[in-house]
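Input: a single structure, listed below in structure tokens.
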Amino acid sequence: APSASPSGSVTPTHCPYCALQCGMGLARAAEAGGGEGAAGVVVVERPSFPVNGGALCGKGRTAPAVLSSRVRLTGPLVRSAVTGELEPAGWEEALDRVADGLARTRAAYGADACGVFGGGGLTNEKAYSLGKFARVVLGTSQIDYNGRFCMSSAAAAGTRAFGIDRGLPFPLADVARTGCLILVGSNLAETMPPALRHLTELKENGGTLIVVDPRRTRTAEQADLHLAPRPGTDLALALGLLHLVVAEGGTDEAYIRERTTGWEEARAAAMAHWPEYVERITGVPVPQLREVARRFAEAEHAMVLTARGPEQQAKGTDTVGAWINLCLATGRPGRPLSGYGCLTGQGNGQGGREHGQKADQLPGYRKLTDPAARAHVAGVWGVDPDSLPGPGRSAYELLDALGGDVKSLLLMGSNPVVSAPRAAHVEERIKSLDFLAVADVVLSETAQLADVVLPVTQWAEETGTVTNLEGRVLLRRRAVEPPDGVRSDLEVLHGLASRLGHGKGFPVEPEEVFEELRRASAGGVADYSGISYGRLVEDEGAGVFWPCPGAGDDSRREHPGTPRLFLDRFATEDGLARFVPVVHRDSAEETDSEYPVVLTTGRVLAQYQSGAQTRRVAELNAAAPGPFVEVHPRLAARLRVADGEVVAVVSRRGRVVVPARVTSSIRPDTVFMPFHWPGAGRANTLTHPALDPVSRMPEFKVCAVRLERA
Ligand code: SF4
């Protein structure tokens, strides 16, 4: 449990980790009776924040430990030409080296030889400045970020169907009052534990909870019905459910007529997926399919929420699209306590994709290919629209091009050596760069390969906004002084831009950046123009939902923000939602006699993403000290592997060695590995880089492996 609130002053802020962005307070440790605390502060409850009501998971509760970690970087490092080692350097030398490295590349090979790789944990201000830096200072199209590996399939499917991508188009609390919730590929009991209270409330209110997951996770244990499909078959599952809803007369014809378009084609595609065919593909028995279809169609209010399970597939966009079709056919989106939503993962996964660090987008969630969008943003930036580059490569394609077309890379807030698919190959590509600069708080596995490492401030040491999974814009506030020797990412970008002739356009004060971001987003899909730091302070920390247009000339009118989307119309040109006809297809790599087992990857409660921060927290490491592979007892018996015994997991891309956890909570044809660790147990050594044709999401959730006794 979090510490009790002290009587002294508390800085209200938000957790640095996942997209729930739990509200918390940071109190001076001495005042809170918490001894010295980490970095002199302790975490206290902030029950008034509606999303988590004061509850925090262990990651949030222990977050200050990273502030004062003894492995924290407190000075720049530069690789010595003599020793080949990273050695301490001053800031001026380090920034000179980075600016020089990028300038040399640009002069020798052209602007697109400079790459920029961002992160879904960066604040809105940083994401905005990084995108602007790439396009205005470097003039490169080669920028993308690790959010591409997170929820990009849901973003693409949401945009395709509704004309807009906001993870949840309604507040998370609506979940507690719906009648039937299908949760697809989300283990929020471990990834976002405070959100579990909404599921508990849903059940207390008499609602039905259906969980779709190949593992019987802690979340699945709470379900009224748990469907455990074979990984990579969620698309067929959704189509089979839609087939049954149609066959049983469960569609909402008036809604389909009045609020959607494209139904006949989508209906025909679904009707080709007979229940028995779907059972053969998914392994989910027909009676279970019928039960779910009936409960979902009959509920007065119903919703589907997806997470990484269906999204991190090479058919992720169509898979999410199939679940959206099910929602549309039963008349859910835009209706009270109903609809489709995505549980975004990373801390600023939502805001991180709205402000221009994506390969194909400009701030305001504008399309880089739209002439009007280019003109608007170029106007705010004070540059010629024609000088802005076009869309670049997606995250994996960019990493795959390192050392080829892309010779130098500036990387902020990401650790692809651990988190990218086919990670050994990505590591080799990174090593083949002419020049690599990494801004991070610790010497991550990727930073270890850099020519220059720039140590930057953390969440509690800086002010900035983030946008949580509901589209709620929040203010994180500075609560502690950063250590001497570190600078903010905004200062880094300012320092580099100045050296490259553009210092004026890169302020270091977050509020100044936000004011520019407001103007750049005005009139866009994600319109922040009516939001200000002052307003975010005044709203008692509950945040403001975008879109929130500014009042223009009439300063008396303040837009309230938009907690619920689609009530009257969708964000498409004609206001109608789009059905998209989709059909089942195989995963990029199906099992065979050589690789007979499916590997799926995911997360555990005590670690976050590549573990760069959480692996530095003793309490979290004690709870989750290292990688493992979950194996069903039948598969373990066949391989003569005992619980705890070390096994090799081998795919066409590599081999890892980890202890086996024998558990009947997983399908006998599937094994599971969490991906938080580097080295011999790195799960992403095994994963497949096949990409979704629309979202460019890699196939993290499905590949073929074999297990060997090691
Ligand atoms: Fe932080 Fe997410 Fe845990 Fe909340 S659930 S405390 S936001 S990691």
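The values are calculated or read from the model by the stated rules, or taken from the named source; none is laboratory data. Since we're looking at a predicted model, the values are computed, not measured. Using ideal geometry, Cβ is built from the backbone for each residue, glycine included, and neighbour counts are taken over all protein chains shown.
I need the full set of residues from the stretch 459-486 which are under 17 Å from GLY534 (Cβ atoms) and hydrophobic (A, V, I, L, M, F, W, C), in order please.
VAL473, LEU474, LEU475
Here's a check for you: in the stretch 587-604, which residue that is more than 25 Å from the chain's Cα centre (by Cα) and in contact (Cβ under 8 Å) with a residue 60 or more places away in the chain is surrounded by the most Cβ atoms within 10 Å (Cβ to Cβ)?
Restricting to residues being more than 25 Å from the chain's Cα centre (by Cα) and in contact (Cβ under 8 Å) with a residue 60 or more places away in the chain, the top hit is VAL597.
Counting only residues that are acidic (Asp, Glu), under 21 Å from ARG46 (Cβ atoms) and within 16 Å of the ligand (Cβ to nearest atom), how many does the stretch 179-213 have?
Total meeting the criteria: 0.
Do we find that GLU481 is at pLDDT below 95, more than 21 Å from the chain's Cα centre (by Cα) and farther than 20 Å from GLN609 by Cβ in this structure?
Considered against the rule, which asks whether it is at pLDDT below 95, more than 21 Å from the chain's Cα centre (by Cα) and farther than 20 Å from GLN609 by Cβ, GLU481 comes out as yes.
Could you say which residue among GLY364, GLY351, GLY356, GLY334 is farther than 20 Å from LYS132 by Cβ, small (Gly, Ala, Ser) and under 25 Å from the mean Cα position of the chain (by Cα)?
After ruling out the rest, the residue left standing is GLY334.
Determine if the stretch 503-525 includes at least one residue that is of a type in the set (Ser, Thr, Tyr) and buried (at least 19 other Cβ atoms within 10 Å of the Cβ).
So far as the stretch 503-525 goes, yes, one or more of its residues are of a type in the set (Ser, Thr, Tyr) and buried (at least 19 other Cβ atoms within 10 Å of the Cβ).
Test THR233 against the criterion of being more than 21 Å from the chain's Cα centre (by Cα), more than 16 Å from the ligand (Cβ to nearest atom), among the hydroxyl-bearing types (Ser, Thr, Tyr) and under 26 Å from PRO674 (Cβ atoms), and give yes or no.
yes
Results for (1) crowded, with 18+ Cβ neighbours inside 10 Å; (2) closer than 28 Å to TRP323 by Cβ; (3) modelled with pLDDT under 95, shown as yes or no for each residue.
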residue	(1), (2), (3)
GLY534	no, no, yes
ASP539	no, no, yes
ALA542	no, no, yes
PHE545	yes, yes, no
ASP554	no, no, yes
ARG557	no, no, yes
ARG564	no, yes, no
THR572	no, yes, no
PHE579	yes, yes, no
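Considering VAL580, VAL604, which residue is under 30 Å from LYS701 (Cα atoms), touching a helix residue (DSSP H, G or I) at 6+ places or on another chain (Cβ under 9 Å) and not assigned by TED's automatic domain parsing to the domain that holds ARG653?
When all the criteria are applied, what remains is VAL580.
Give ARG259, ARG218 a once-over and let me know the one that is modelled with pLDDT of 95 or more, basic (Lys, Arg), within 16 Å of the ligand (Cβ to nearest atom) and surrounded by fewer than 22 Cβ atoms within 10 Å (Cβ to Cβ).
Exactly one residue qualifies, and that residue is ARG218.
Filter the stretch 581-629 for residues that are polar (S, T, N, Q) and farther than 22 Å from ALA447 by Cβ and give the result.
Correct list: SER587, THR591, SER593, THR600, THR601.
Looking only at the stretch 50-99, how many residues end up being within 24 Å of GLY40 (Cβ to Cβ) and among the β-branched types (Val, Ile, Thr)?
Qualifying residue count, the stretch 50-99: 4.
Quick check on the stretch 310-333: of everything there that is in contact with an Asp or Glu (Cβ under 8 Å, 6 or more places away or on another chain) and in a loop (DSSP other than H, G, I, E, B), which residue is surrounded by the most Cβ atoms within 10 Å (Cβ to Cβ)?
Among them, the one singled out is GLN313.
GLU276 passes all but one of (1) buried (at least 18 other Cβ atoms within 10 Å of the Cβ); (2) without any contact (Cβ under 8 Å) to a residue 40 or more places away in the chain; (3) not basic (Lys, Arg); which number fails?
Failed condition: (1).
Checking the condition out of contact with any helix residue (DSSP H, G or I) (no Cβ under 6 Å at 6 or more places or on another chain) and within 20 Å of ASP400 (Cβ to Cβ), which residue from GLY119, GLY147, GLY110 passes?
So the residue among GLY119, GLY147, GLY110 that is out of contact with any helix residue (DSSP H, G or I) (no Cβ under 6 Å at 6 or more places or on another chain) and within 20 Å of ASP400 (Cβ to Cβ) is GLY110.
Only one of ASP527, ASP489 is within 27 Å of LEU67 (Cα to Cα), of a type outside the set (A, V, I, L, M, F, W, C) and in the same structural domain as ALA99 (by TED's automatic domain parsing); which?
ASP489
Among the listed residues ARG148, ARG135, identify the single one that is under 14 Å from THR344 (Cβ atoms) and of a type in the set (Lys, Arg).
None of the other options fit; the residue is ARG148.
Please pick out the residue among VAL456, VAL417, VAL438 that is over 20 Å from GLY679 (Cβ atoms) and in contact with a helix residue (DSSP H, G or I) (Cβ under 7 Å, 6 or more places away or on another chain).
Going through VAL456, VAL417, VAL438 in turn, just one is over 20 Å from GLY679 (Cβ atoms) and in contact with a helix residue (DSSP H, G or I) (Cβ under 7 Å, 6 or more places away or on another chain): VAL456.
Restricting attention to the stretch 605-618, and to residues there that are part of a helix (DSSP H, G or I) and either within 13 Å of the ligand (Cβ to nearest atom) or basic (Lys, Arg) (or both), which single residue is surrounded by the most Cβ atoms within 10 Å (Cβ to Cβ)?
THR614
Specify which of the listed residues (GLY163, GLY185, GLY158) is surrounded by fewer than 24 Cβ atoms within 10 Å (Cβ to Cβ), in contact with an Asp or Glu (Cβ under 9 Å, 6 or more places away or on another chain) and at pLDDT 95 or above.
Answer to the selection: GLY163.
From GLY364, GLY347, which residue is outside the structural domain of GLU512 (by TED's automatic domain parsing), surrounded by 24 or more Cβ atoms within 10 Å (Cβ to Cβ) and either in contact with an Asp or Glu (Cβ under 8 Å, 6 or more places away or on another chain) or modelled with pLDDT under 95 (or both)?
When all the criteria are applied, what remains is GLY347.
Checking the condition buried (at least 22 other Cβ atoms within 10 Å of the Cβ), more than 22 Å from SER141 (Cβ to Cβ) and either at pLDDT below 95 or aliphatic (A, V, I, L, M) (or both), which residue from VAL426, VAL441, VAL492 passes?
Selected residue: VAL441, the only one of VAL426, VAL441, VAL492 that is buried (at least 22 other Cβ atoms within 10 Å of the Cβ), more than 22 Å from SER141 (Cβ to Cβ) and either at pLDDT below 95 or aliphatic (A, V, I, L, M) (or both).
Please determine whether any residue of the stretch 389-402 is among the small types (Gly, Ala, Ser) and either in contact with an Asp or Glu (Cβ under 6 Å, 6 or more places away or on another chain) or in the same structural domain as GLN313 (by TED's automatic domain parsing) (or both).
Yes; the residues of the stretch 389-402 include at least one that is among the small types (Gly, Ala, Ser) and either in contact with an Asp or Glu (Cβ under 6 Å, 6 or more places away or on another chain) or in the same structural domain as GLN313 (by TED's automatic domain parsing) (or both).
Please state which of the following conditions ALA94 fails to meet, knowing it meets all the rest: (1) modelled with pLDDT of 95 or more; (2) surrounded by fewer than 18 Cβ atoms within 10 Å (Cβ to Cβ).
In the conditions (1) modelled with pLDDT of 95 or more; (2) surrounded by fewer than 18 Cβ atoms within 10 Å (Cβ to Cβ), ALA94 misses (2) alone.
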